[in-house]
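Let me begin by presenting the structure, written as structure tokens, before commenting on it.
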Amino acid sequence: MNSPNLPVVSEGARLTPGELHSVVFARAALGRRGYDEEQVRNFLAYVERELVQIFNDQAVLADEVNRLRAQAAKGTRGVMAPEDAHFQAVRILSQAQQTADLYVADAERYTRELAHEARLQREAILSDAKGRAEQMLEDAHRKAVAVAEAAVRHAGQQSPPPGAARAGGMPDGAGGMPDDERLALQREVAYLRTYSDVYRSHLRSYLEALLRNVAEWEASEQSSLPR
Amino acid sequence: MDAQRLKDSFARVAEQGDAVALFFYSDLFVRNPHLRDMFPIGMSHQRDKLLRALGSIVAQVDDLPTLVPFLQQLGRDHRRFGIIAEHYPHVGASLVATLRYFSGTSWSEDVESDWNAAYGLVAKVMLEAADEDSLSSPAWWNGQVVAVERRRFDIAVLRVMPDRPLPYLPGQSVALEVPSRLRHWRYYSMANAPRPDQTMDFHVRLVDGGPVSPVLVRGTENGDRVRMGAPVGTLTLDEESGRDILLVAGSTGLAPLKAILEQIARRPAPPRVHLFFGARTRDGLYDLEDLAKMAGRFPWLRVVPAVSDESGGHGFSTVLQSGPPPGAPPASGSWFDAPGPPPGVSPSGVSPSGGDDGVEHGNLSDVVARQGPWDGHDAYVCGPGAMVGHTVEQLARLGVPRDRIRLETFADAQR
């Protein structure tokens, strides 16, 4: 039977000086002197457990203190002086800024290279177009000359009467011209007609091709241009 | 304050180059994170600018008559960035921290007090100039694009209407910012003399890889907003002079010279003016039509267009307009020996002397030189750096005194 004042030994709770002070053992059984042996033995066992626990805790704390002291002596890890923290932040921000600058520079270089290639292509397309145009004109010229020569030969063979049906549909005012002049004009008219015919048809097909290119270009640009 | 000690101190620090500016801005932003938003994402140009500005300030620290106007302009310029008085001490603190960090053992209390005194002076002059400027003009002007003309795939002429009067001298320029490239400011010259309706024209050429010009040339429409700083620049007309005038413009360097030309045209008795307008290729002469009209209207004006990279041959458009190809063998007839001037190509007033429709061939500076003498003229030159350099050289060789040549390069102003 426990005295009401005997500390209840529960796990985790710690023996306090106050509890020790207020321990009251029951009297020994009749015919025996002193305290109840059972109670005293139990209590001593309890005190022993507490002491072991305390020594263990103390050792752990001593280790912790040593570890912290060693750290403090080394001075790098752990809590940093405010000044060091500032430099650290400045370094990190500088690195981030340099990374950003690098990305911006790369993007700029890439755009420049793309634009440069586009310009070269543009120049190639333009010079190609100029070449074609010159070819077109030359072709028209060649054909027109041939037709003009043919017209002159034809007119010469026929030696038409003045004022009659004229090869090139000359204005009436030309009726009174000398033959060679009339022939020259007929040749010019035939030349110009054929020239403009050939030229127009070349130009038409070329412009149609250009319009198709422009439409494709517009479509691809609209899908790529950021706004 | 010991100027020499300050210079020595800066020289030691500046040896470490970009790292110094990098540390400065990082230090500034760690201490004042709210300032980061006042700068662009990419900071390399910003760092160059800082080091250059610091370099010139320190170099002139014992030459106040030169330094003070520089600082006053710097102070006024900073208004458009939204910099106000309370920002100055933060900058000063980070500047001194940076200098201390990079000075190592050579830092001393004396050096620190030199720097504090110097920065205090700099900040005071800049702030006073900014305050004085704020009495008469806003920190920036808002503008609206009211017309866009794409003259070539990479050249556009923009017309902008400022939200309130923006007085300027013909030949001056303003820094421009577009909303899609915030905090990137690029200088562009007004291409017209001030108009009663306040509108201003800008000639913009796309710079490959640049952040601003591609947006202006290819991504700007009527109604778009821009911001503009205060007008700057010294390429302005010498109104005292009675001499004849030579204007030499390379590509969009035409803009300020066209403004000056309009200013001359408003005079009661304009002097004789030669305007040389050069580009690499014919399609780079993006404003020739308008110049030709002016030349037709003003008897005192002669316009000489020039191309450097195209031979004397004919471009596509000329072939189309002028009939049979010049390369074709003459036929037996005589009708195309002389095709005659194609209609509308050879406007009066544009130089008739240079082969096809008056366009001269060769480097602009050589074209100018061959048409001299110019020693009795005032010369105004604007364009790419190399072109301006060569032209000034040629003019000097031809006896034009250097103080009669006013110039501007847009080499690094436009990107």
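The values are calculated or read from the model by the stated rules, or taken from the named source; none is laboratory data. It should be emphasised that the depicted structure is a prediction, and the values quoted were computed from it without experimental measurement. Here the Cβ is made from the backbone with ideal geometry for all residues, glycine too, and neighbour counts use every protein chain on show.
So here's what we get for this one:
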| read-out | value |
| --- | --- |
| Residue among A:Val147, A:Val90 that is over 26 Å from the mean Cα position of the chain (by Cα) and either touching a residue at least 12 places away in the same chain (Cβ under 8 Å) or under 30 Å from A:Leu185 (Cα atoms) (or both) | A:Val147 |
| Tally, over the range B:29-45, of residues that are more than 7 Å from every other protein chain (Cβ to nearest Cβ), within 31 Å of the chain's Cα centre (by Cα) and assigned to a helix (DSSP H, G or I) | 5 |
| Residue in the range B:233-242 that is surrounded by 21 or more Cβ atoms within 10 Å (Cβ to Cβ) and without any contact (Cβ under 8 Å) to a residue 60 or more places away in the chain present | no |
| Residues within the range A:204-223 that are modelled with pLDDT under 85 and under 25 Å from A:Met136 (Cα atoms), tallied | 1 |
| Residues of the range B:170-228 that turn out to be more than 22 Å from A:Arg109 (Cβ to Cβ) and without any contact (Cβ under 8 Å) to a residue 12 or more places away in the chain, as a count | 2 |
| Filter result for B:Arg100 (assigned to a helix (DSSP H, G or I), within 14 Å of chain A (Cβ to nearest Cβ) and surrounded by 19 or more Cβ atoms within 10 Å (Cβ to Cβ)) | no |
| Whichever residue in the range B:1-28 is within 14 Å of chain A (Cβ to nearest Cβ) and in a loop (DSSP other than H, G, I, E, B) and, among such residues, is surrounded by the most Cβ atoms within 10 Å (Cβ to Cβ) | B:Gln16 |
| Filtered residues of the range A:119-134 (kept if more than 9 Å from every other protein chain (Cβ to nearest Cβ) and surrounded by 12 or more Cβ atoms within 10 Å (Cβ to Cβ)) | A:Ile125, A:Arg132 |
| Answer residue from the range A:176-212, given it is touching a residue at least 12 places away in the same chain (Cβ under 8 Å) and of a type in the set (S, T, N, Q) and is nearest to A:Arg153 (Cα to Cα) among those | A:Gln186 |
| Test for A:Asp63: is it within 11 Å of chain B (Cβ to nearest Cβ) and assigned to a helix (DSSP H, G or I) | no |
| Matching residues, the range A:35-58, being acidic (Asp, Glu) and in a helix (DSSP H, G or I) | A:Glu37, A:Glu38, A:Glu48, A:Glu50, A:Asp57 |
| Residue in the range B:184-202 that is on the phi > 0 side of the Ramachandran plot, within 14 Å of chain A (Cβ to nearest Cβ) and surrounded by fewer than 21 Cβ atoms within 10 Å (Cβ to Cβ) present | no |
| Condition broken by A:Arg142, with the remaining ones in (1) facing chain B (nearest Cβ under 7 Å); (2) surrounded by 14 or more Cβ atoms within 10 Å (Cβ to Cβ); (3) free of Cβ contacts under 8 Å to residues at least 24 places away in the same chain satisfied | (1) |
| In the range A:80-109, the residues that are away from chain B (no Cβ under 11 Å) and surrounded by fewer than 10 Cβ atoms within 10 Å (Cβ to Cβ) | A:Ala81, A:Pro82 |
| Unique residue being within 24 Å of B:Asp8 (Cβ to Cβ) and hydrophobic (A, V, I, L, M, F, W, C) when the list is B:Phe70, B:Phe39 | B:Phe70 |
| Unique residue being modelled with pLDDT of 95 or more and of a type in the set (A, V, I, L, M) when the list is B:Leu64, B:Leu99 | B:Leu99 |
